[in-house]
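Okay, structure first, notes after.
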Amino acid sequence: MSIETLEKSINDFNEKTQQGFANTAKSIESIKGRLDKLEVKGNRPGISDTGDHERARKSLAKFITTGDDGDLERKDVSVGSANDGGVAVPEVISSDIDQQVVEISPVRQVALVSRIQTNPGSYKRLVDTRGTASGWVGETENRPNTDTPQLQEITFPDGEIYANPRATQRSIDDMQVGVAAWFQESVATEFAFQEGDAFINGDGINKPRGFLSGTITNESDDARAFGSLQYIATGVDGAFPTSDPSDILVDLYHTLKAGYRQGAVWMMTSDTLALIRKFKDADGNFIWRAGIEPGQPDRLLGYPVIEAEQMPAIATNSYSVAFGNFRRGYEIVDRSEVRTLRDPFTAKPYVNFYTTKRVSGAVVNSEAIKLLRFATS
């Protein structure tokens, strides 16, 4: 091969190599440009695809009208969300609200809690009042009929608790704290207060029937009618006895059958407890004991004390102290989960957070709860 031919081959190779590099660089630049466009497009708020937009519109309409969020993407409410139609609440916040209600409501902590999906007013509970009789017989003697068990029916009132706070979209955008945290804490606290009061004092009209709202009598377990609670009186109008006041608490303790004492608790307001904490027994020892370990409840005559501010303050004829096994005596029925509707459309420029929960409650065993009445009789 001549030198001229070799030189020409080398020049041809270099030219092709440079052209290849140029094509490669051009291809890389083209790919980079397409990626940049996709990134910009992906960072845009909103939906550009017509089909996706239509599906999102229908899903949002379904959520607002029915509360069904099955087709919606679940997100936490945050200040950074600028989408007026964004759905921010249902599952996570609903769960957190339930948990906080458990922690705040004292009756819910100690009562029997059931979750039942039913139609309004359709949940009932049967209670065996143990009316069965028996007798002793010889081997070949006749067996006469005995009394049959007696069943009593309890109907739970259907109630719905709701909250409907609202805020302007601008205030939501400008808040420096998480909107979700603010919302769940506010609603949970209000729900807890309303529930706690209804479980104690509710009249059963569109709300639970509280254990203090029924018939209360001084008749013993063997004598009083089914469903009525028993009280004993302090003997003093609106006060404890001046002499040996702790004795009346001992008397109340012994009105509760031994079979119910396992799991029993005292329930009263903080002011009532402050008074009782000063009582001493015959040996000069305080009848109240602080919890031995962190997290353990304080104890009165050996049983935990639950502070419930919805209990009545000490006054004439008040039922200010309760002692009983509330898990046996009172049932709370959660008929639905907490449901939340974020509605930015109905009252512009406000965003409504409409939250509801169906809950009921009633006394199911009137022998399991005893009351102290601050009266002469």
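Checking each residue in the stretch 335-363 for being open to solvent by less than 10 Å² (accessible area, probe 1.4 Å), closer than 12 Å to PHE211 by Cβ and more than 14 Å from the chain's Cα centre (by Cα) picks out only ALA362. Is it the case, given these coordinates, that TYR231 is closer than 21 Å to LEU112 by Cα and hydroxyl-bearing (Ser, Thr, Tyr)? So TYR231 does not fit the description; no. Looking only at the stretch 298-322, which residues are assigned to a strand (DSSP E or B) and open to solvent by 40 Å² or more (accessible area, probe 1.4 Å)? ARG299, TYR303, GLU307, TYR319, listed by residue number.
For the stretch 154-212, taking the residues that are touching a Phe, Trp or Tyr at 6+ places or on another chain (Cβ under 7 Å) and farther than 24 Å from VAL107 by Cβ, the one that is modelled with the highest pLDDT is identified as ASN164.
Does THR340 satisfy the condition of being in a strand (DSSP E or B), touching a residue at least 40 places away in the same chain (Cβ under 8 Å), farther than 25 Å from ILE232 by Cβ and touching an Asp or Glu at 6+ places or on another chain (Cβ under 9 Å)? Judged against the criteria, THR340 is not a match. Residues that are without any contact (Cβ under 8 Å) to a residue 24 or more places away in the chain and of a type in the set (D, E, K, R) within the stretch 299-332 comprise just one, ARG299. Condition check for GLY295 on (1) within 24 Å of the chain's Cα centre (by Cα); (2) in a loop (DSSP other than H, G, I, E, B); (3) buried (at least 19 other Cβ atoms within 10 Å of the Cβ): one failure, at (3).
Per-residue answers, yes or no, for (1) loosely packed, with under 15 Cβ neighbours inside 10 Å; (2) within 35 Å of the chain's Cα centre (by Cα):
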| position | (1), (2) |
| --- | --- |
| ASP237 | yes, no |
| PRO241 | yes, no |
| TYR253 | no, yes |
| GLN262 | yes, yes |
| TRP266 | no, yes |
| LYS280 | yes, no |
| TRP288 | no, yes |
| GLY291 | yes, yes |
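Which of the residues belonging to the stretch 240-273 are in a helix (DSSP H, G or I), among the hydrophobic types (A, V, I, L, M, F, W, C) and touching a strand residue (DSSP E or B) at 6+ places or on another chain (Cβ under 8 Å)? Across the stretch 240-273, the qualifying residues are ILE248, LEU249, LEU252, LEU273. Taken over the stretch 118-151, the criterion of being within 30 Å of LYS357 (Cβ to Cβ), at pLDDT below 70 and open to solvent by 100 Å² or more (accessible area, probe 1.4 Å) is satisfied by ASN119 alone.
Of the residues that make up the stretch 323-334, is at least one closer than 20 Å to LYS278 by Cβ and either at pLDDT 95 or above or crowded, with 17+ Cβ neighbours inside 10 Å (or both)? Within the stretch 323-334, one or more residues are closer than 20 Å to LYS278 by Cβ and either at pLDDT 95 or above or crowded, with 17+ Cβ neighbours inside 10 Å (or both).
The values are calculated or read from the model by the stated rules, or taken from the named source; none is laboratory data. These numbers were taken from a predicted model, which means no experiment stands behind them. Counting neighbours? That spans all protein chains shown, and the Cβs are built from the backbone with ideal geometry, glycine included. All accessible areas refer to the heavy atoms of the entire protein, side chains included, with ligands and DNA or RNA removed. Shrake-Rupley method; radii C 1.70, N 1.55, O 1.52, S 1.80 Å.
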